[in-house]
Structures are given as C-alpha cells and as structure tokens.
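The values are calculated or read from the model by the stated rules, or taken from the named source; none is laboratory data. Everything quoted here is computed from the prediction, not taken from an experiment. Every residue, glycine among them, receives a Cβ derived from its backbone with ideal geometry; neighbour counts consider all protein chains shown.
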Amino acid sequence: MHWADVAAKALSHKGEKHIVSTGITPSGEFHIGHLREILTGDMIARAARNAGLDVEFVFIVDTADPLRKVYDFLGPEYEQFIGHQLGSIPAPDADGNPDWPRFEKEGWTYGDHFLKPFLQALEQIGVRPRIIDNLESYRSGRFDALAKIACDRADEIREAIERISSRELPENWFPWSPLDSKGSLDGVTVTGYEYPLVHWKDMHGETGSSDISKGEGKLPWRIDWPAKWGWIGVTCEPFGKDHGAAGGSYATGREIVQILGHEPPHPLTYEWISLKGQGAMSSSAGNTIGPIEALDLVPPEILRLLVAKSKPNKAIEFDTGMSLVNLADEYERLAARDFEAELLDDGLSRRQRVQVEDAAGAMRMAAVEEGMAAQATAVTFRHLALLAQTKSTDDGVWESLRNAGAITEPTQAMTDRLSRMRAWIASKHFPEEMKISVLSTPNVEALNDLSQEEKSVLSTLAVTLEQCEWNATNIGSAIPQSAKDLDLSPKMGYRAAYAALMGKERGPRLAPILAEMEQNEIVDLLKACAAHVE
RNA sequence: GGGCCUGUAGCUCAGUCAGGUAGAGCGUCGGACUUUUAAUCCGAUGGUCGCGGGUUCGAACCCCGUCAGGCCCGCCA
C-alpha cells in the first residue's frame with residue numbers, strides 16, 4: 001500500500017470527515033523543500049478521497065509570523081521591520097528595498113510577494129488547497145475564542161510547555177504576544193490581562209493594550225499551531241521532522257489543543273529535501289531551487305513523483321543534474337508499465353506484489369490531474385536531451401523520432417517536454433555528463449584501449465571522410481564502411497570512431513553531430529589519432 | 001543531558017507495523033540488432049541486512065546493548 005493510502009486508512013478509523021492541513025511561513029523564497037510539505041498533504045487528501053472520505057485540503061500561510069532578521073536578499077531598510085508581521089510590511093523590490101508605492105496603493109505585502117509565485121507553481125503541479133491567510137484570520141477574530149481560553153488558562157499551558165519541552169519559560173511569559181507601539185512583536189512585556197485586552201509595555205517605554213479579539217498581536221508559535229487546529233478543525237497534518245521530535249512543537253501542541261477543547265490531528269512527520277552535497281535547503285543560505293525554477297526544467301508530474309515515490313520519513317537528496325535525468329527516466333519506465341496486468345500474476349511473492357502496488361500508488365499520486373493515467377511518451381529524457389542538442393529545430397527532433405518509430409505526431413506533452421528540455425540545456429543546471437562534445441585533440445587513453453583491429457580502422461576512416469561530401473548521410477555510412485573495407489564488423493568502426501572523436505566507448509549518433517562541424521577539423525583529428533596508434 | 005529518525009547489492013530504495021527460503025529499479029558485465037551504439041530487446045552478475053548479544057523451531061523484522069549519520073528540546077518545511 002502506498003504511504004498516502006496508509007495515512008488515509010488511519011484517518012478512516014477516526015471518522016468520515018477530514019481536514020488535512022499544511023502551513024508555511026512566507027519569510028523568503030519558497031523552495032522545493034516546501035513542496036514536500038504541501039505535496040505530502042495533497043497526496044494524503046487524495047488518498048483519503050479515494051478511500052471514500054469527505055476531505056478538504058487547506059494551506060495556511062503564516063503571514064502573522066514576524067520578520068526574524070534582515071536576510072541577505074533584503075536591504076538595510078528592513079531593519080525597522082524586524083519583529084513586524086510578514087503580512088503587514090511592504091514587499092522587497094528588485095533591489096531588496098521596501099516597495100512602498102505598491103504597499104500603499106495595492107496593499108502588496110512581504111507575504112504576498114513570496115506567496116504569489118508559489119501559488120502559481122501549485123496551480124501547475126495540480127495542488128489546489130483552500131488558502132487561509134493567518135494574519136487575516138487573527139484580524140477577523142477567528143482566533144478570538146481559543147486565544148481567550150489560552151490566556152485564561154495560561155498557567156496550565158505554561159506547565160505543559162515546560163514539562164514536555166523541558167525548558168523553562170521566562171517569568172513574564174504570557175500566551176499572547178501583543179504588537180507594540182511600532183507594530184513589532186519583539187521585546188514586549190505583558191503587564192496585565194482582562195479579556196479582551198492584554199496590557200503591555202514595550203522596549204521604547206510605551207504602554208498600551210492589545211485586543212485579542214481584533215488580532216492586535218498573535219499567539220506564540222507553540223499555541224498558535226494548536227489554536228489553528230482547533231478553529232479550522234484540522235484532523236491531519238504533515239509537518240517537518242523539526243516539529244516532530246519529542247519535546248517539539250507537535251508534542252506540546254497535542255496537549256495544548258486539548259486544553260483548548262479540541263482533539264489533536266493525525267500527525268505525519270516527513271524528512272527534509274536536501275540539495276546533493278549542500279545539506280538542507282535554506283532560503284537564507286541561498287542553496288535553493290525554487291518550485292518555479294524546477295518546473296521550468298521538468299514537467300510537474302515528475303516533480304510530484306519525486307515526493308510520491310519516497311516514504312515521508314526518507315530524506316530526499318535532489319539536484320538538477322543527473323538526479324533529474326534518472327528521475328525523469330524512471331517516470332517514463334513507470335508510465336510504460338501496466339500495473340493491473342502485473343498484479344494478476346499469481347506467481348508474485350508478497351514482496352514483489354508490495355513493490356508493484358507501491359509503484360502503482362506512486363504513479364497515481366504523481367498525476368497532476370487526479371485520476372488521470374500517465375501517458376508514456378516513449379522517449380526517455382536521455383534520448384530527448386540528445387536530440388535537443390543535435391537538432392536545432394523542433395521539427396528536426398520530431399522527424400528523428402518519427403523515423404525511429406517512436407511517435408507519429410508530437411503530442412502537447414511532448415512539445416512541453418522539449419521546450420523544458422531546451423531550457424534545461426541552456427541553464428547552468430544541465431549536467432556536464434550529458435553534454436555532447438567532440439574532442440579537439442586525441443585522447444591517448446581511449447585510443448590505447450582499442451584493439452589492434454579497431455585501431456586499424458582509423459586511417460581508413462580519415463581518408464573516407466576526407467573524400468566524401470560533408471553531410472550526415474555520407475558520414476553515417478563512412479563509419480561502418482571503413483570497417484567493412486577491412487573485413488571488420490561495423491561495430492569496430494563505431495568503437496574506433498567514438499574513441500577517436502569523443503574519447504569514449506560509445507556515445508550518441510555521430511553523423512548529425514559531425515555534419516554540424518568543420519570537415520577538415522574532424523579529418524585532422526582522425527589523422528592525428530591514426531598517427532598515434534601506428 | 002534527554003529524545004526522535006535513518007543504516008539492507010556499486011547507487012537509490014522496498015521489505016520491519018502483523019517473524020516463515022534476502023527483493024526491485026538503476027549501474028555493471030555478456031549477448032542480440034550485420035550502415036548506428038546514451039536507443040531497444042534478452043540474459044547474467046551482485047548483500048556477514050551497521051555491529052554484538054538475547055527471545056524463538058525460525059530474526060532484516062521483536063527485546064537489550066553498541067557504533068555511525070541526521071535532527072529536535074529558541075524560530076525553521
């Protein structure tokens with residue numbers, strides 16, 4: 001059973017109606033790590049729907065959270081906004097400075113700035129949650145009732161946090177963080193409480209009162225989260241391993257939510273996605289790949305497969321180089337399989353059966369549109385990468401595929417894939433290993449590895465190519481013909497040609513590539529190689 | 001200090017919850033395709049299940065211990 005189905009089954013034991021929730025703080029560029037959060041939720045919601053449950057999927061945008069620091073991508077002017085809520089401050093412009101005009105005219109905030117592109121990516125990837133703006137929820141009084149309970153029962157909550165996280169809270173700790181005279185949540189001391197007012201004194205020496213029913217402040221994170229579960233009615237929530245550890249925010253949250261009069265949601269802890277060789281992704285460290293950036297390179301279903309195929313507790317290592325090629329090719333292979341037919345085989349061991357079922361489940365979850373069957377394109381990423389590099393026009397690529405019998409006419413999916421492939425090849429992410437390059441000087445090592453017969457082909461090949469009219473057809477026939485002229489198999493001709501021209505044992509079709517190059521350069525290279533082996 | 005997760009074939013991982021002959025994919029190697037060879041098809045290779053004990057007729061799986069990597073107990077997907 002796929003992991004999402006396992007989660008759905010657990011939910012079905014608890015009731016018919018469910019709300020699966022996810023949440024992210026829009027403090028900086030969203031990256032594909034965030035995609036795991038939301039895709040995990042989306043997949044559980046889908047699986048629950050498949051299991052016949054009534055389920056809604058929500059995405060909470062934590063716009064009530066404060067700006068923690070002036071990140072590298074922000075200008076020094078942001079110093080003044082530290083501690084201010086992300087949904088109440090201006091967005092950075094192209095230079096990282098506050099975009100005041102847009103903030104004042106359109107109400108375009110810091111949170112909007114980072115959220116918007118992420119939502120576009122979600123649309124492409126087939127995730128359509130109900131979006132809840134947390135700051136807006138505070139302001140409209142959604143938290144009112146539960147925030148009141150939290151303040152009324154502050155001692156119980158303090159006890160729970162101190163006991164479970166084994167940390168000591170400061171003397172003046174209070175389960176409500178008021179906004180100060182400047183609109184910051186930092187450095188405010190609570191001096192009293194009479195519902196709905198929380199009285200405070202800030203670090204500028206000012207005093208005032210915060211109305212919790214109007215959201216003039218917020219609940220601290222460890223209470224904010226369970227309060228959300230409460231008023232929204234969350235029954236299931238995936239969260240990162242940081243929240244999941246003993247003493248972490250889920251552990252305190254599950255107890256606090258009961259103080260607030262609700263039941264904790266079914267938890268699902270997931271591991272992080274890291275960039276190969278660079279550790280965990282972090283917006284501030286700058287080692288991120290944005291969802292939009294990733295979608296420029298690969299189709300959404302392949303990105304979905306990345307999350308779907310790994311159980312949540314497995315760390316995912318990702319990169320936009322060879323990992324992506326392998327992932328995309330895996331998608332193609334899976335798309336070409338007929339899982340139902342495979343499962344009919346009674347000879348399958350339990351183990352093999354589970355593997356087929358998991359693969360089928362992963363592909364079901366990878367579909368951008370729920371329930372749509374994957375279409376195998378019959379062309380692997382590797383092959384397409386090769387064609388895209390050797391054919392300058394799209395028509396040239398289609399023609400080659402038609403000749404190979406892979407397609408009749410290019411589908412929309414194929415066209416999309418090719419344009420993404422071209423973007424990928426042009427980007428810094430395209431792996432060296434996939435690049436096609438012809439040598440400029442002989443690769444001695446590769447030549448030495450050739451057999452005596454293979455070596456003997458080189459001089460004949462150089463002569464044949466020197467005399468032929470320079471086009472792909474002639475070049476294509478010259479390689480095997482040179483071998484045949486010596487009573488050798490065409491294979492030896494190819495081995496010799498690849499060793500001489502690319503320094504490898506095998507490679508992509510040489511003729512169309514060579515046809516694009518200068519005849520005399522190729523001939524000279526072959527002559528130099530032939531001279532070397534004699 | 002306390003706790004959580006991970007460790008299985010060269011690589012990525014299933015299998016651990018319900019103990020019953022170690023499984024996939026990739027890679028590698030070999031063969032086929034006799035003017036194509038990053039393609040396709042066929043076949044083969046490959047593991048003291050981190051380590052040490054215990055329970056059991058039987059342990060990758062359960063229990064105890066131990067090592068290694070990651071994480072949490074301020075904020076963080």
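Looking only at the range A:361-390, how many residues end up being part of a helix (DSSP H, G or I) and touching a residue at least 40 places away in the same chain (Cβ under 8 Å)?
Of the residues in the range A:361-390, 12 are part of a helix (DSSP H, G or I) and touching a residue at least 40 places away in the same chain (Cβ under 8 Å).
Identify, from the list A:ASP72, A:ASP65, A:ASP54, the residue that is within 14 Å of RNA strand B (Cβ to nearest atom) and over 19 Å from the mean Cα position of the chain (by Cα).
Unique residue meeting the criteria: A:ASP65.
Kindly list, by first and then second residue, each pair from a residue in the range A:496-508 that is of a type in the set (Phe, Trp, Tyr) to a residue that is in a helix (DSSP H, G or I) and near RNA strand B (Cβ under 10 Å from one of its atoms), limited to pairs with Cβ atoms under 8 Å and residues at least 6 apart or on different chains.
Final answer for the pair search is A:TYR498/A:LEU510.
Residue check, A:MET1 against (1) within 12 Å of RNA strand B (Cβ to nearest atom); (2) in contact with a strand residue (DSSP E or B) (Cβ under 9 Å, 6 or more places away or on another chain); (3) under 28 Å from A:GLU263 (Cα atoms); (4) among the aliphatic types (A, V, I, L, M), all met but one. Which one?
In the conditions (1) within 12 Å of RNA strand B (Cβ to nearest atom); (2) in contact with a strand residue (DSSP E or B) (Cβ under 9 Å, 6 or more places away or on another chain); (3) under 28 Å from A:GLU263 (Cα atoms); (4) among the aliphatic types (A, V, I, L, M), A:MET1 misses (2) alone.
Any residue that is more than 28 Å from the chain's Cα centre (by Cα) and at pLDDT 90 or above - is there at least one of those in the range A:17-39?
Within the range A:17-39, one or more residues are more than 28 Å from the chain's Cα centre (by Cα) and at pLDDT 90 or above.
Within the range A:448-464, is even one residue β-branched (Val, Ile, Thr), free of Cβ contacts under 8 Å to residues at least 60 places away in the same chain and within 30 Å of A:MET365 (Cβ to Cβ)?
No - not one qualifying residue is present in the range A:448-464.
If you take the residues of the range A:509-533 that are outside any helix (DSSP H, G or I) and touching a residue at least 60 places away in the same chain (Cβ under 8 Å), which of them is nearest to A:LEU447 (Cα to Cα)?
Filtering first and then ranking leaves A:ARG509.
Out of (1) part of a loop (DSSP other than H, G, I, E, B); (2) exposed (fewer than 13 other Cβ atoms within 10 Å of the Cβ), what's the single condition that is false for A:ASP395?
Among (1) part of a loop (DSSP other than H, G, I, E, B); (2) exposed (fewer than 13 other Cβ atoms within 10 Å of the Cβ), the lone unmet condition for A:ASP395 is (1).
All but one of (1) more than 11 Å from RNA strand B (Cβ to nearest atom); (2) more than 27 Å from A:HIS383 (Cα to Cα) hold for A:LEU488; which doesn't?
(1)
Quick check: anything in the range A:302-313 more than 10 Å from RNA strand B (Cβ to nearest atom), of a type outside the set (A, V, I, L, M, F, W, C) and either buried (at least 19 other Cβ atoms within 10 Å of the Cβ) or not in a loop (DSSP other than H, G, I, E, B) (or both)?
yes
Residues are listed down the side, and each one gets a yes or a no for (1) near RNA strand B (Cβ under 8 Å from one of its atoms); (2) surrounded by 14 or more Cβ atoms within 10 Å (Cβ to Cβ); (3) farther than 23 Å from A:LYS391 by Cα; (4) modelled with pLDDT of 80 or more:
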{"site": "A:GLY507", "(1), (2), (3), (4)": "yes, yes, no, no"}
{"site": "A:ALA511", "(1), (2), (3), (4)": "yes, yes, no, yes"}
{"site": "A:ALA515", "(1), (2), (3), (4)": "no, yes, no, no"}
{"site": "A:VAL523", "(1), (2), (3), (4)": "no, yes, no, yes"}
{"site": "A:LEU526", "(1), (2), (3), (4)": "no, yes, yes, yes"}
{"site": "A:HIS532", "(1), (2), (3), (4)": "no, yes, yes, yes"}
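Within the range A:375-396, count every residue that is within 14 Å of RNA strand B (Cβ to nearest atom), in contact with a helix residue (DSSP H, G or I) (Cβ under 7 Å, 6 or more places away or on another chain) and not basic (Lys, Arg).
So the answer is 11.
Of all residues in the range A:363-383 being modelled with pLDDT under 75 and of a type outside the set (A, V, I, L, M), which is surrounded by the most Cβ atoms within 10 Å (Cβ to Cβ)?
A:THR377
Enumerate the helices (runs of 4 or more DSSP H) found wholly within the range A:58-168, keeping only those where 2 or more residues are crowded, with 19+ Cβ neighbours inside 10 Å.
Once the helices (runs of 4 or more DSSP H) in the range A:58-168 are filtered for at least 2 residues that are crowded, with 19+ Cβ neighbours inside 10 Å, what remains is A:110-124, A:134-139, A:144-152, A:154-165.
Out of the residues in the range A:384-414 that are among the β-branched types (Val, Ile, Thr) and modelled with pLDDT under 80, state the one that is nearest to A:ILE513 (Cα to Cα).
Step by step, filter the range A:384-414, then rank; the result is A:THR390.
Please determine, by comparing only the residues of the range A:345-362 that are more than 7 Å from RNA strand B (Cβ to nearest atom) and within 27 Å of A:ALA48 (Cβ to Cβ), which one is surrounded by the fewest Cβ atoms within 10 Å (Cβ to Cβ).
Applying the filter and picking the extreme gives A:ARG350.
What pairs come out if I take residues in the range A:291-314 that are modelled with pLDDT of 90 or more and pair them with residues that are of a type in the set (Lys, Arg) whose C-beta lies under 6 Å away, six or more apart or interchain?
A:VAL307/A:ARG36
If you check A:ASP54 against the conditions, is it modelled with pLDDT of 95 or more, farther than 30 Å from A:ILE212 by Cβ and not basic (Lys, Arg)?
yes
Could you check A:GLU237 against (1) assigned to a strand (DSSP E or B); (2) among the charged types (D, E, K, R); (3) more than 12 Å from RNA strand B (Cβ to nearest atom) and say which number it fails?
(3)
Report yes if A:LEU401 is within 15 Å of RNA strand B (Cβ to nearest atom) and touching a His at 6+ places or on another chain (Cβ under 9 Å), otherwise no.
Here the answer is yes, as A:LEU401 does meet what is asked.
Among the residues of the range A:493-505, how many are away from RNA strand B (no atom under 11 Å from the Cβ) and either hydroxyl-bearing (Ser, Thr, Tyr) or surrounded by fewer than 20 Cβ atoms within 10 Å (Cβ to Cβ) (or both)?
Summing the residues that are away from RNA strand B (no atom under 11 Å from the Cβ) and either hydroxyl-bearing (Ser, Thr, Tyr) or surrounded by fewer than 20 Cβ atoms within 10 Å (Cβ to Cβ) (or both) in the range A:493-505 gives 1.
Pairs under 7 Å by beta carbon, first residue within 30 Å of A:CYS529 (Cα to Cα) in the range A:413-441, partner in a loop (DSSP other than H, G, I, E, B), six or more apart or different chains?
A:PRO431/A:GLY321; A:ILE436/A:PRO508; A:VAL438/A:MET517; A:LEU439/A:GLY503
Scan the range A:441-485 residue by residue and report those that are of a type in the set (Gly, Ala, Ser), within 49 Å of the chain's Cα centre (by Cα) and more than 15 Å from RNA strand B (Cβ to nearest atom).
Listed by number, the list holds a single entry, A:ALA462.
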